[in-house]
Amino acid sequence: MSIFVDDDTRVVVQGITGGEGKFHAGQMIDYGTNVVAGAVPGKGGQEVAGVPVYDTVDEAVEAENADASVIFVPPAFAADAVFEALDTDLDLAVAITEGIPTQDMAKVNKRLGETDTRLLGPNCPGIITPGEAKLGILPGNIFADGNVGLVSRSGTLTYQVVDSLTSRGIGQTTAVGIGGDPIIGTSFVDALEAFEADAETEAVVMCGEIGGEDEEQAARFIGEHMDTPVAGFIAGRTAPPGKRMGHAGAIVSGSGTGTAESKINALNDAGVPVGDTPEEVADHIEDFL
Amino acid sequence: MKLHEYQAKEIFADAGIPVPESRLAGSVDEVLDAVDEIGYPAAVKAQVHVGGRGKAGGIKIAGDRDEAAQYAEEILGMDLKGYTVDKVLVEAGVDFVDELYVGVTMDRGEGKPVLMVSTEGGVDIEEVAAENPDAIAREHVDPAFGLHPYQARKVVYEAGVDADVALDVASILSTLYDLYEDSDASEIEVNPVMITSDRDVVAADAVMNIDEDALFRQPELAEMAEESYEDDLERKAGEYGFDYVRLSGNVGIIGNGAGLVMTTLDLVDYYGGAPANFLDIGGGAKAERVANALDMVFSDENVDAVVFNIFGGITRGDEVAKGINEALEQFDEIPKKVVVRLAGTNAEEGMEILNTDLVQVEKTLEDAVQRAVKNAQEVTQ
């Protein structure tokens with residue numbers, strides 16, 4: 001079992017003719033993902049990475065039965081690409097693009113609430129169900145099939161933690177990158193809810209970071225609704241207030257909301273152990289299994 | 001991107017929001033010319049990108065020409081929380097009887113813009129929010145429809161603004177929302193809006209921050225950018241295109257990806273060291289970027305040792321290793337010890353390429369950080 005994607009997922013790559021889109025379409029296919037089409041306005045009829053390109057997502061869905069998209073479209077056009085995915089009623093849209101204007105994302109977020117499509121990101125590394133499907137830019141070789149779910153706001157931090165798990169022989173059901181922007185589609189709570197419902201997921205790693213209050217909400221959800229054990233990690237303990245730490249969403253406000261301390265306390269209160277180091281997170285997971 | 005008060009007020013004035021008469025001045029003579037035109041009392045206000053200017057001595061009210069000269073002398077060139085003041089706004093003093101707070105920002109939890117109004121203006125609004133949250137009235141705006149004018153009226157009445165000026169305040173708020181949308185602002189704040197003894201409504205301060213991710217479609221605002229960096233290193237980081245934040249410690253940190261770099265900082269602290277900086281070289285970095293990053297940390301005089309941590313997804317370990325070698329081979333003597341840890345894509349190839357005469361190599365993040373902390377401690381001992 002897995003959440004959100006598996007080997008039946010049929011993927012259209014929006015922006016497949018660009019450098020990133022082309023490269024990662026190839027990587028996804030090499031991993032075994034069912035990439036069935038690309039969609040790029042004005043490039044219909046071409047073939048890239050061995051799959052046909054259509055002018056619209058709608059045509060790709062009509063012709064190839066795509067049910068998920070991965071978006072590698074530059075920031076200026078990315079919100080439009082997400083709207084296209086939402087309006088085509090795909091099951092899942094994964095937005096890799098970093099740097100989408102926040103007010104565009106507010107509009108996307110409003111539309112998202114009116115559709116059944118799940119959005120991952122933006123500014124995320126994507127999602128992988130080891131051995132079945134990879135939608136995004138995650139390095140497939142560090143993952144292994146297993147029973148631990150992982151949800152994270154950061155790409156490379158995910159890799160670090162997964163590497164610790166895999167090297168101990170602990171595989172993953174699905175790893176989900178939810179993205180480092182202030183306004184994102186799928187939240188920690190959404191992913192945790194799905195892991196809780198997944199019969200094969202026996203433990204979950206949640207990697208949060210400073211900024212916003214999503215981790216605090218997740219902590220409440222875990223305390224009230226989850227039987228599956230969760231171990232946490234929070235990045236940004238040493239971040240000074242008022243400074244944006246790389247991710248647009250990673251900022252401790254001047255008034256002191258969004259601190260690592262607040263998030264760690266909330267998780268501890270919900271019975272979630274928080275590792276001081278990525279290795280300690282893996283230790284906790286090992287204890288759970 | 002932050003606009004200066006004088007820039008935001010120009011935008012406000014163009015949009016029809018009442019602001020006090022003012023002149024921008026860069027010297028004592030210019031300040032005196034300005035007060036001769038504007039009259040007294042006149043406020044002399046430092047134009048720097050920091051909050052709490054008044055408390056820090058960056059805003060003074062001059063009652064006559066001698067005071068104006070004295071304050072101009074004091075404020076121009078002063079160091080305000082690390083920023084040097086090279087411009088002041090000279091502004092007609094407002095005879096006010098009441099002060100309000102009005103603002104528009106993004107509520108990230110709701111994913112919607114929010115209007116905020118409070119009758120407790122003129123003080124730090126974040127303190128008001130913490131101590132007496134009910135003193136701030138809020139109204140969320142549907143980002144797809146935009147603002148309905150009634151919403152601005154509703155939130156102003158809800159905040160308890162005096163009835164005779166409520167519609168004027170609502171009209172200002174409504175215009176601020178239009179500006180927020182049209183200029184891709186992340187935040188617009190007027191604190192205070194002053195109510196004069198004649199019951200006029202005036203925007204006496206102006207904070208306007210623009211979403212940097214939207215500057216591509218805001219060319220006029222992008223041109224207004226006057227980044228006053230805290231120091232030369234932040235300026236350099238801007239030129240190199242790095243996400244960079246300077247801290248006060250002595251362990252320099254380079255890595256890829258915001259979450260992992262933050263984690264590396266946290267681990268330096270955890271193992272008893274003190275991080276000197278956050279430096280994210282981003283995804284897919286090639287040799288030149290790697291060399292630029294090393295140049296950044298080497299030119300930080302606080303840095304005693306460096307940890308370079310890469311977990312490659314799109315970034316390739318062999319590219320990074322090549323960059324590190326090339327950058328370090330330029331030196332007769334390596335200025336600061338560098339510990340490198342490569343993992344992920346092509347990490348093994350990278351580890352083989354790395355010239356171990358120039359760098360120390362560690363396999364795990366934890367080991368690399370501990371070694372760098374130790375290197376730094378050896379320098380300071």
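The values are calculated or read from the model by the stated rules, or taken from the named source; none is laboratory data. These numbers were taken from a predicted model, which means no experiment stands behind them. Here the Cβ positions follow ideal geometry from the backbone for every residue, glycine too, while neighbour counts run over all protein chains shown.
Inspect the range B:329-343 for any residue being within 14 Å of chain A (Cβ to nearest Cβ), of a type in the set (Lys, Arg), under 17 Å from B:LEU267 (Cβ atoms) and surrounded by fewer than 18 Cβ atoms within 10 Å (Cβ to Cβ) and give the result as yes or no. Step through it out loud before you land on a result.
Within the range B:329-343, the first condition is being within 14 Å of chain A (Cβ to nearest Cβ), and the residues that meet it are B:341-343.
From the residues that got through so far, the ones that are of a type in the set (Lys, Arg) too are B:341.
Pick out the ones that are also under 17 Å from B:LEU267 (Cβ atoms) and you get B:341.
Those still in the list that are surrounded by fewer than 18 Cβ atoms within 10 Å (Cβ to Cβ) too: none.
Looking for residues that are within 14 Å of chain A (Cβ to nearest Cβ), of a type in the set (Lys, Arg), under 17 Å from B:LEU267 (Cβ atoms) and surrounded by fewer than 18 Cβ atoms within 10 Å (Cβ to Cβ), one finds none in the range B:329-343, hence no.
When the range A:80-104 is filtered for residues that are hydroxyl-bearing (Ser, Thr, Tyr), within 26 Å of B:GLY109 (Cβ to Cβ) and part of a loop (DSSP other than H, G, I, E, B), only A:THR97 remains.
Okay, residues lined up against (1) among the acidic types (Asp, Glu); (2) in the same structural domain as A:LEU90 (by TED's automatic domain parsing); (3) touching an Asp or Glu at 6+ places or on another chain (Cβ under 8 Å):
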residue: A:VAL12; (1), (2), (3): no, yes, yes
residue: A:ILE16; (1), (2), (3): no, yes, no
residue: A:GLY26; (1), (2), (3): no, yes, no
residue: A:ALA37; (1), (2), (3): no, yes, yes
residue: A:ASP55; (1), (2), (3): yes, yes, no
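Looking only at the range A:162-196, count how many residues are within 15 Å of the chain's Cα centre (by Cα) and in a helix (DSSP H, G or I). Write out each step before concluding.
First pass over the range A:162-196, keeping only residues within 15 Å of the chain's Cα centre (by Cα): A:162, A:172-195.
Keeping just the survivors that are in a helix (DSSP H, G or I) gives A:162, A:188-195.
Residues that pass the stated criteria total 9.
With B:ALA166, B:ALA152, B:ALA144 as the choices, which residue is away from chain A (no Cβ under 14 Å) and surrounded by fewer than 22 Cβ atoms within 10 Å (Cβ to Cβ)? Outline the logic, then answer.
Working: B:ALA152 fails: surrounded by fewer than 22 Cβ atoms within 10 Å (Cβ to Cβ); B:ALA144 fails: away from chain A (no Cβ under 14 Å).
Testing whether each residue is away from chain A (no Cβ under 14 Å) and surrounded by fewer than 22 Cβ atoms within 10 Å (Cβ to Cβ) leaves just B:ALA166.
The one condition from (1) free of Cβ contacts under 8 Å to residues at least 24 places away in the same chain; (2) in the same structural domain as B:LEU147 (by TED's automatic domain parsing); (3) surrounded by fewer than 17 Cβ atoms within 10 Å (Cβ to Cβ) that B:ARG108 does not meet is (3). When A:MET226 is tested against (1) free of Cβ contacts under 8 Å to residues at least 40 places away in the same chain; (2) surrounded by 15 or more Cβ atoms within 10 Å (Cβ to Cβ); (3) within 8 Å of chain B (Cβ to nearest Cβ), only condition (3) is not met.
Could you pull out every one of the strands (runs of 3 or more DSSP E) wholly within the range A:15-79 that has 3 or more residues that are within 14 Å of another protein chain (Cβ to nearest Cβ), modelled with pLDDT under 95 and out of contact with any Phe, Trp or Tyr (no Cβ under 6 Å at 6 or more places or on another chain)?
Working: elements: A:35-39, A:51-54, A:68-71.
Because the criterion is at least 3 residues that are within 14 Å of another protein chain (Cβ to nearest Cβ), modelled with pLDDT under 95 and out of contact with any Phe, Trp or Tyr (no Cβ under 6 Å at 6 or more places or on another chain), no strands (runs of 3 or more DSSP E) in the range A:15-79 meet it.
Filter the range A:211-223 down to the residues that are within 9 Å of chain B (Cβ to nearest Cβ) and over 16 Å from A:GLY177 (Cα atoms) and list them by number. Walk me through how you get there before you give the answer.
Applying the first criterion (within 9 Å of chain B (Cβ to nearest Cβ)) to the range A:211-223 yields A:211-214, A:217.
Of everything in the range A:211-223, those that are within 9 Å of chain B (Cβ to nearest Cβ) and over 16 Å from A:GLY177 (Cα atoms) turn out to be A:GLY211, A:GLY212, A:GLU213, A:GLN217.
For the range A:10-24, name all the residues that are closer than 13 Å to A:GLU47 by Cβ and either β-branched (Val, Ile, Thr) or touching a residue at least 40 places away in the same chain (Cβ under 8 Å) (or both).
If we filter the range A:10-24 for residues that are closer than 13 Å to A:GLU47 by Cβ, which is where we start, we get A:13, A:16-17, A:22.
Within the range A:10-24, A:VAL13, A:ILE16, A:THR17 meet the criteria.
Scanning the range B:325-346 for residues that are in contact with a strand residue (DSSP E or B) (Cβ under 6 Å, 6 or more places away or on another chain) and modelled with pLDDT of 90 or more yields a total of 8. Residues of the range B:300-317 that are within 14 Å of chain A (Cβ to nearest Cβ) and not in a strand (DSSP E or B): B:GLY313, B:ILE314, B:THR315, B:ARG316, B:GLY317.
Just one of the numbered conditions (1) in contact (Cβ under 8 Å) with a residue 60 or more places away in the chain; (2) not hydroxyl-bearing (Ser, Thr, Tyr); (3) not in a strand (DSSP E or B) is not true of B:GLU67: (1).
I'd like to check which strands (runs of 3 or more DSSP E) are fully inside the range B:194-248 and have at least 1 residues that are among the β-branched types (Val, Ile, Thr) and outside the structural domain of B:PHE298 (by TED's automatic domain parsing).
Working: elements: B:201-203, B:207-210, B:243-246.
Where strands (runs of 3 or more DSSP E) fall fully within the range B:194-248 and carry at least 1 residues being among the β-branched types (Val, Ile, Thr) and outside the structural domain of B:PHE298 (by TED's automatic domain parsing), they are B:201-203, B:207-210.
Yes/no per residue for (1) hydroxyl-bearing (Ser, Thr, Tyr); (2) under 19 Å from A:ILE127 (Cβ atoms):
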{"residue": "A:VAL12", "(1), (2)": "no, yes"}
{"residue": "A:HIS24", "(1), (2)": "no, yes"}
{"residue": "A:ILE29", "(1), (2)": "no, yes"}
{"residue": "A:THR33", "(1), (2)": "yes, yes"}
{"residue": "A:VAL40", "(1), (2)": "no, no"}
{"residue": "A:VAL61", "(1), (2)": "no, no"}
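Out of the range B:243-259, which residues are within 7 Å of chain A (Cβ to nearest Cβ), within 20 Å of B:GLY344 (Cα to Cα) and in contact with a strand residue (DSSP E or B) (Cβ under 6 Å, 6 or more places away or on another chain)? B:ASN256, B:ALA258, B:GLY259 - these are the residues of the range B:243-259 that are within 7 Å of chain A (Cβ to nearest Cβ), within 20 Å of B:GLY344 (Cα to Cα) and in contact with a strand residue (DSSP E or B) (Cβ under 6 Å, 6 or more places away or on another chain).
Looking at the range B:251-273, can you tell me whether even one residue there is assigned to a helix (DSSP H, G or I), outside the structural domain of B:ASP184 (by TED's automatic domain parsing), farther than 24 Å from B:GLN377 by Cβ and in contact with a Leu (Cβ under 7 Å, 6 or more places away or on another chain)?
yes
The number of residues in the range A:126-163 being buried (at least 24 other Cβ atoms within 10 Å of the Cβ), of a type in the set (Gly, Ala, Ser) and within 12 Å of chain B (Cβ to nearest Cβ) comes to 5. If you check A:GLY249, A:GLY242 for being in contact with a Lys or Arg (Cβ under 8 Å, 6 or more places away or on another chain), within 12 Å of chain B (Cβ to nearest Cβ) and either under 27 Å from B:GLU127 (Cβ atoms) or part of a helix (DSSP H, G or I) (or both), only one passes: A:GLY249. When the residues of the range A:64-83 are filtered to those that are more than 19 Å from the chain's Cα centre (by Cα) and not hydrophobic (A, V, I, L, M, F, W, C), the one that is farthest from A:VAL176 (Cα to Cα) is A:GLU64. Against the list (1) buried (at least 17 other Cβ atoms within 10 Å of the Cβ); (2) under 21 Å from the mean Cα position of the chain (by Cα), the condition B:VAL44 fails is (2).
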